[in-house]
Every structure is written in structure tokens, then in C-alpha cells.
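S.K.: Could you have a look at this structure, given as C-alpha cells, before my questions?
None of the figures in this text is laboratory data; all of them are computed from the coordinates on show. Just so you know, these numbers come straight off a predicted model, no measurement behind them. FYI the Cβ positions are ideal-geometry reconstructions off the backbone, even for glycines, and counts take in every protein chain you see.
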Amino acid sequence: MKDDTCIFCRIAAGEIPSKTLYEDDEFRVILDLGPATKGHALILPKNHYRNLFELPKEQAEKAIVLAKKMALRMQEKLHCDGLNLVQNNGETAGQTVFHFHIHLIPRYEGDGQVIGWKPGKPEDAELEAVRKTIAE
Ligand code: 5GP
Ligand code: ZN
């Protein structure tokens, strides 16, 4: 379940050194090398899954529980004012490393980071059409 050509597989396995915040049998949490803010971290499963679509349900459950644990720890230790969970899937969505990961981005008042989107203004009929497409 490891891809030797994948940098995050190699980091998660400890073959490439990283600033590790947490490790267990299935996950490693590391500091991002290009942090948006102080403490920006990445949750990496040790097995190779390209994205959320490929991630098994059990790993997804464990990953979000781990995200909560790390978020609480960041709040306690870094005294951040907020925190963004960011998780990109596919190049179109901004993914650059194709090994599933969750970004934990602690936020601080006045940190100047912008994590967001341009809100649209759909008519009700358009929203309803989308709702039907997905829900039914
Ligand atoms: P993505 O754009 O795929 O959601 O996020 C990839 C993230 O991985 C980026 O924030 C980038 O800074 C980080 N990154 C890329 N290569 C490395 C690396 O070798 N080590 C660490 N710690 N972070 C990396
Ligand atoms: Zn990998």
C-alpha cells in the first residue's frame, strides 16, 4: 500500500525526515514546509491513497478524529484564534501532492491569510436543480 515514488509515502514511512507532531501505526502528522501560518500541519495516512475518493471509510473516520485531536492540541499549545481544515482532491481543486492529506491551518487574528471562494448568487431554481441532481 506504499508507493515508492510518492514523497508523502516516504515521509509517512520515516524514510525522509520531517517535523513530526504525532505518529501512530496508520498516520503521521507533520509540519507543512510552506506553512500558511504558524503550526500549519498535514495529516498523512501511512498507506497510499491518492485522494478522498480512494480513501477507505475506516481511514476517513480515523483521519477526522485525529484532526479533532490535533486541533485541540493546537488551540491549547499555540493559542490560535481559529483553525481551517483544508483538504484538496484533484489538480482542479488545488491538490499538488497526490497522496491524501488534510491540512490543519491554525488561524490568528490579523494573520492576513485568505482561504476561501467567491460566493455565487444562484436563483432558487438553480439551487433546487443541483439539490435534485445530488440528492436523488
Ligand atoms: P496540496 O496542495 O496537495 O493540498 O498540499 C500539499 C502541501 O504539501 C503544500 O502545502 C506544500 O507546502 C506541502 N509540501 C510539499 N512537499 C512537502 C514536503 O516535502 N514536506 C512537507 N513537510 N510539506 C510538503
Ligand atoms: Zn503516497
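S.K.: Looking for something of a type in the set (S, T, N, Q), away from ligand 2 (no atom under 14 Å from the Cβ) and in a strand (DSSP E or B) - is there at least one such residue anywhere in the range 83-100?
M.R.: Yes - at least one qualifying residue is present in the range 83-100.
S.K.: Within the range 79-99, does at least one residue satisfy the condition of being of a type in the set (Phe, Trp, Tyr), surrounded by 14 or more Cβ atoms within 10 Å (Cβ to Cβ) and touching a Leu at 6+ places or on another chain (Cβ under 9 Å)? Steps first, answer last, please.
M.R.: In the first step, residues of the range 79-99 are kept if they are of a type in the set (Phe, Trp, Tyr); the result is 98.
Right, trim to surrounded by 14 or more Cβ atoms within 10 Å (Cβ to Cβ) and you get 98.
Adding the requirement that they be touching a Leu at 6+ places or on another chain (Cβ under 9 Å) leaves none.
Taking every residue of the range 79-99 in turn, none turns out to be of a type in the set (Phe, Trp, Tyr), surrounded by 14 or more Cβ atoms within 10 Å (Cβ to Cβ) and touching a Leu at 6+ places or on another chain (Cβ under 9 Å).
S.K.: Among the residues of the range 25-47, is there at least one that is more than 28 Å from residue 4 (Cβ to Cβ), in contact (Cβ under 8 Å) with a residue 60 or more places away in the chain, among the hydrophobic types (A, V, I, L, M, F, W, C) and more than 16 Å from ligand 2 (Cβ to nearest atom)?
M.R.: Taking the range 25-47 as the starting set, the residues that turn out to be more than 28 Å from residue 4 (Cβ to Cβ) are 36-39.
Those still in the list that are in contact (Cβ under 8 Å) with a residue 60 or more places away in the chain too: 36-39.
Those left that are additionally among the hydrophobic types (A, V, I, L, M, F, W, C): 36.
Filter once more, keeping what is more than 16 Å from ligand 2 (Cβ to nearest atom): 36.
The answer is yes; a qualifying residue exists.
S.K.: For the range 1-24, which residues satisfy the criterion of being in contact (Cβ under 8 Å) with a residue 12 or more places away in the chain and more than 16 Å from ligand 2 (Cβ to nearest atom)?
M.R.: If the condition is that a residue be in contact (Cβ under 8 Å) with a residue 12 or more places away in the chain and more than 16 Å from ligand 2 (Cβ to nearest atom), then 19, 21, 22 are the ones that fit.
S.K.: A follow-up question, please. List the strands (runs of 3 or more DSSP E) inside the range 1-75, counting only whole elements, that have at least 3 residues being surrounded by fewer than 16 Cβ atoms within 10 Å (Cβ to Cβ).
M.R.: Where strands (runs of 3 or more DSSP E) fall fully within the range 1-75 and carry at least 3 residues being surrounded by fewer than 16 Cβ atoms within 10 Å (Cβ to Cβ), they are 20-23.
S.K.: List the residue pairs whose Cβ atoms are under 8 Å apart, where the first residue sits in the range 93-117 and is farther than 16 Å from residue 29 by Cα, the second is among the β-branched types (Val, Ile, Thr), and the two are 6 or more positions apart or on different chains.
M.R.: Close Cβ pairs (under 8 Å, with a partner that is among the β-branched types (Val, Ile, Thr)) amount to 107/37; 108/37; 111/37; 113/37; 113/105; 115/86; 115/105.
S.K.: Another question, then. Only one of 105, 115 is within 16 Å of the chain's Cα centre (by Cα), outside any loop (DSSP other than H, G, I, E, B) and of a type in the set (A, V, I, L, M); which? If you could, list the steps in order and put the result at the bottom.
M.R.: On the way: 115 fails: outside any loop (DSSP other than H, G, I, E, B).
Every option except 105 fails the conditions.
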